[in-house]
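Working notes, structure below.
The values are calculated or read from the model by the stated rules, or taken from the named source; none is laboratory data. Not measured: the values here are computed from a predicted model. Cβ sites come from the backbone with ideal geometry, for glycine too, and all protein chains shown count toward neighbours. Protein only, heavy atoms only, side chains kept; ligands, DNA and RNA dropped before computing areas. Shrake-Rupley method; radii C 1.70, N 1.55, O 1.52, S 1.80 Å.
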Amino acid sequence: IPLTYICASVLSGQRRAAVYSALVMACLPLAVYYGAVTRMYAFVPAFLLLAMWGALKAQQPAARLTLLPTRQALPLRPVLALAIGSAGAMYTLYHSIWALAALALFCALQALVRLKSRMLRPIALAPARRQTLGIGLALLFYLPWLIYGVPRLLGRAADEAARNSNQQLSIGHFVQLG
């Protein structure tokens with residue numbers, strides 16, 4: 001619920017929208033149920049919201065983000081939040097990749113809007129670089145699982161396909177059913 005409040009306040013810039021978002025998350029039946037279940041389901045929204053916060057904060061100008069006095073410094077907190085949130089979500093539940101793909105699409109569209117509005121100035125590319133760095137770090141964090149898990153998953157999928165090949169129904173079967 002606190003991460004929902006933080007992300008909504010960064011996204012909308014309004015406290016009222018953030019309070020309403022946190023209230024909806026607190027009353028959402030699935031969020032309440034899976035928050036009480038001692039499984040990985042409660043971690044997925046937390047990791048996704050952390051990744052969203054990092055992506056949204058990475059879009060802001062660097063001078064507002066850093067704790068260092070120099071304006072040239074790379075703000076690492078949003079980049080690391082995006083990377084850790086994305087990798088954590090992917091490690092926790094594979095299907096969270098779809099939410100992360102939507103977040104990456106949102107970031108790409110924001111970068112295109114920024115490029116069009118700022119007439120290709122280099123400052124317009126800085127947020128996209130920070131977001132790309134965060135996504136790249138997330139993939140680097142996830143690389144050990146990809147090396148280990150993908151061959152095993154492909155083998156299991158091939159075994160399942162071989163076992164279920166005689167159970168497939170043709171389209172004609174469904175046409176006859178009407």
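Looking only at the range 21-35, residues that are surrounded by 15 or more Cβ atoms within 10 Å (Cβ to Cβ) and either part of a helix (DSSP H, G or I) or in contact with a helix residue (DSSP H, G or I) (Cβ under 9 Å, 6 or more places away or on another chain) (or both) come to 6 in all.
Yes/no matrix, rows are residues, columns are (1) open to solvent by 60 Å² or more (accessible area, probe 1.4 Å); (2) at pLDDT below 90; (3) assigned to a helix (DSSP H, G or I):
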residue	(1), (2), (3)
Ala101	no, no, yes
Leu105	yes, no, yes
Arg114	no, yes, yes
Ala126	no, yes, yes
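Only a single item in (1) of a type outside the set (A, V, I, L, M, F, W, C); (2) modelled with pLDDT under 85; (3) closer than 28 Å to Tyr142 by Cβ; (4) touching a helix residue (DSSP H, G or I) at 6+ places or on another chain (Cβ under 9 Å) is not met by Thr38, and it is number (4).
The number of residues in the range 36-48 that are open to solvent by less than 60 Å² (accessible area, probe 1.4 Å) and assigned to a helix (DSSP H, G or I) comes to 7. The selection criterion, being in a helix (DSSP H, G or I), of a type in the set (D, E, K, R) and either closer than 16 Å to Leu56 by Cβ or at pLDDT 85 or above (or both), holds for Arg130.
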